[in-house]
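The values are calculated or read from the model by the stated rules, or taken from the named source; none is laboratory data. All of these numbers come straight from a predicted model, not from anything done at the bench. Reconstructed Cβ throughout: ideal geometry from the backbone, glycine too, with neighbour counts over all protein chains shown.
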Amino acid sequence: MRKSSLRILDIPSVAAPAARRVEVTRYAPDLPLEQRVSLCEDMQPSLGPGLIRIGLLAMTVHPADLLQIDGRYGVQPPLPYTPGHEGVAIVLSVAPDVDTLKVGDLVVPLAPGGTWRDERVLSSRQVVVLDGDVDVLQCAMLSANPMTAWVLLYGIVALEGPVCLIQNAANSAVGQCVRQLAAQMGIRLINVVRRAEALDGARLGDEHWIIDEGMSVTEFVRRIKALADGRPVPLALDAVAGESTRKLAAAVDVGAKVAVYGLLSQKPSEVMPEDLIFRTVSVEGFWLANWFADPAHRAAAKSAMSALQRLMAEGVLKMAVQQTFDLGQVAGALACAAKPHRTGKVLLTGAWLAHLAEPLGKP
């Protein structure tokens, strides 16, 4: 596998493809997702000082993207807008004053939104360079789910000694990343899923599984205590909300935290007052966009990205891909992403991907 800056054919000699972008034209929950978007030509501005032009190679379709198209996300851009929060790209050109990047570098853009397009102009400070051998599709998924898992494990509470953690939606993309990182950290993990068929047969480390199909709070707590086997339980990760929050709050230790980072149930988080008052359990929300937006986290974000890339290169961190779609097939990608019980991520691919010097992924 060649180094990242050599993975693209000589860019100056390549005829630039016609740039496209996806545009969300209306919020209309009564219409299928694919009828709320269109594909249009994209004209990017010329490069001013400090700017670079990138070609998007692969872009992730997240549940957050679907919620935003549905008009139900935490931030709703004015219409029309280009969706997408994550991807991997090739540097196509740089402004004369940019000396930190060069044409041909592979990068992860960290600028807010708008990745479902072939090209984009942004600040040179809004990308992280990928070093060494990379799997392009895996790197397209690097900055959201793995980063969320990283911050949840390293940034909520100090995890020291032989501790035990709980997470629900353990078969989700973030759940997969938490499992892999927790195994790397030597943490016992209790994974909660809502149906038997969601149980992943692969075992990555010292982890255990609970199938919660209407289990009572009392039984849930009993099962957690048995699986923790005397280990402290200082943290639970909640992607579901609703009644699941109440179960997690009842199962963690006195003074522990429940981090709510998802709303899969679409219901308000429930917490018993005795857990809040007498057991001093705290429940807090986590949104990666807010974490990235805090200037105090910039150094931590770049450090985490480097660590995650290294783990990915070592094969420790790997996410499942359900299917890839060319940007022109965005309707099919949305339909696939909206299907329940998927086993992997749906990705869009950009026009510049055809100019990769080598096939996708590692042999």
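What to note about this one:
- Any hit, the stretch 170-187, residues being polar (S, T, N, Q), in contact with a helix residue (DSSP H, G or I) (Cβ under 6 Å, 6 or more places away or on another chain) and not assigned by TED's automatic domain parsing to the domain that holds ALA111: yes
- Flag if VAL151 is surrounded by 15 or more Cβ atoms within 10 Å (Cβ to Cβ), under 30 Å from ASP105 (Cα atoms), touching a Leu at 6+ places or on another chain (Cβ under 9 Å) and at pLDDT below 90: no
- Screening ARG125 against (1) surrounded by fewer than 18 Cβ atoms within 10 Å (Cβ to Cβ); (2) modelled with pLDDT of 95 or more leaves a single unmet condition, (2).
- Matching residues, the stretch 140-169, being more than 25 Å from ILE211 (Cα to Cα) and under 8 Å from the mean Cα position of the chain (by Cα): MET141, LEU142, SER143, ALA144, MET147
- Unmet criterion (only one of (1) on the phi < 0 side of the Ramachandran plot; (2) touching a residue at least 60 places away in the same chain (Cβ under 8 Å)) for ALA111: (2)
- Screening PRO80 on (1) crowded, with 24+ Cβ neighbours inside 10 Å; (2) within 21 Å of ARG20 (Cβ to Cβ); (3) free of Cβ contacts under 8 Å to residues at least 60 places away in the same chain shows it passes everything except condition (1).
- Scoring VAL271 on the criteria (1) aliphatic (A, V, I, L, M); (2) under 20 Å from ILE187 (Cα atoms); (3) part of a loop (DSSP other than H, G, I, E, B) leaves a single failure, condition (2).
- With respect to the stated conditions, VAL240 fails to be farther than 30 Å from LEU110 by Cβ, assigned by TED's automatic domain parsing to the domain that holds SER172 and of a type in the set (A, V, I, L, M).
- Inter-residue pairs, beta-carbon under 6 Å, first closer than 23 Å to ILE54 by Cα and in the stretch 25-43, second in a loop (DSSP other than H, G, I, E, B), 6+ apart: SER38/THR25; ASP42/ALA19
- Qualifying positions in the stretch 254-274 - under 24 Å from VAL163 (Cα atoms) and either in contact with a strand residue (DSSP E or B) (Cβ under 9 Å, 6 or more places away or on another chain) or not assigned by TED's automatic domain parsing to the domain that holds GLU219 (or both): GLY255, ALA256, LYS257, VAL258, ALA259, VAL260, TYR261, GLY262, VAL271
- Considering only residues in the stretch 304-332 that are of a type in the set (Gly, Ala, Ser) and over 17 Å from the mean Cα position of the chain (by Cα), the one that is surrounded by the most Cβ atoms within 10 Å (Cβ to Cβ) turns out to be ALA313.
- For the stretch 230-241, the set of residues classified as over 12 Å from ASP212 (Cβ atoms) and either without any contact (Cβ under 8 Å) to a residue 40 or more places away in the chain or in a loop (DSSP other than H, G, I, E, B) (or both) consists of GLY230, ARG231, PRO232, VAL233, PRO234, ALA239, ALA241, listed by residue number.
- Just one of the listed residues (VAL346, VAL330, VAL281) is in the same structural domain as VAL174 (by TED's automatic domain parsing), hydrophobic (A, V, I, L, M, F, W, C) and either in contact with a strand residue (DSSP E or B) (Cβ under 8 Å, 6 or more places away or on another chain) or under 19 Å from GLY113 (Cβ atoms) (or both), namely VAL281.
- Subset tally (residues that are aromatic (Phe, Trp, Tyr) and either surrounded by fewer than 13 Cβ atoms within 10 Å (Cβ to Cβ) or modelled with pLDDT under 95 (or both)) for the stretch 254-284: 1
- Among the candidates ILE90, ILE166, residue that is outside the structural domain of VAL346 (by TED's automatic domain parsing), buried (at least 18 other Cβ atoms within 10 Å of the Cβ), farther than 25 Å from PRO295 by Cα and touching a residue at least 60 places away in the same chain (Cβ under 8 Å): ILE166
- Unmet criterion (only one of (1) under 18 Å from LEU153 (Cβ atoms); (2) part of a loop (DSSP other than H, G, I, E, B)) for GLN266: (1)
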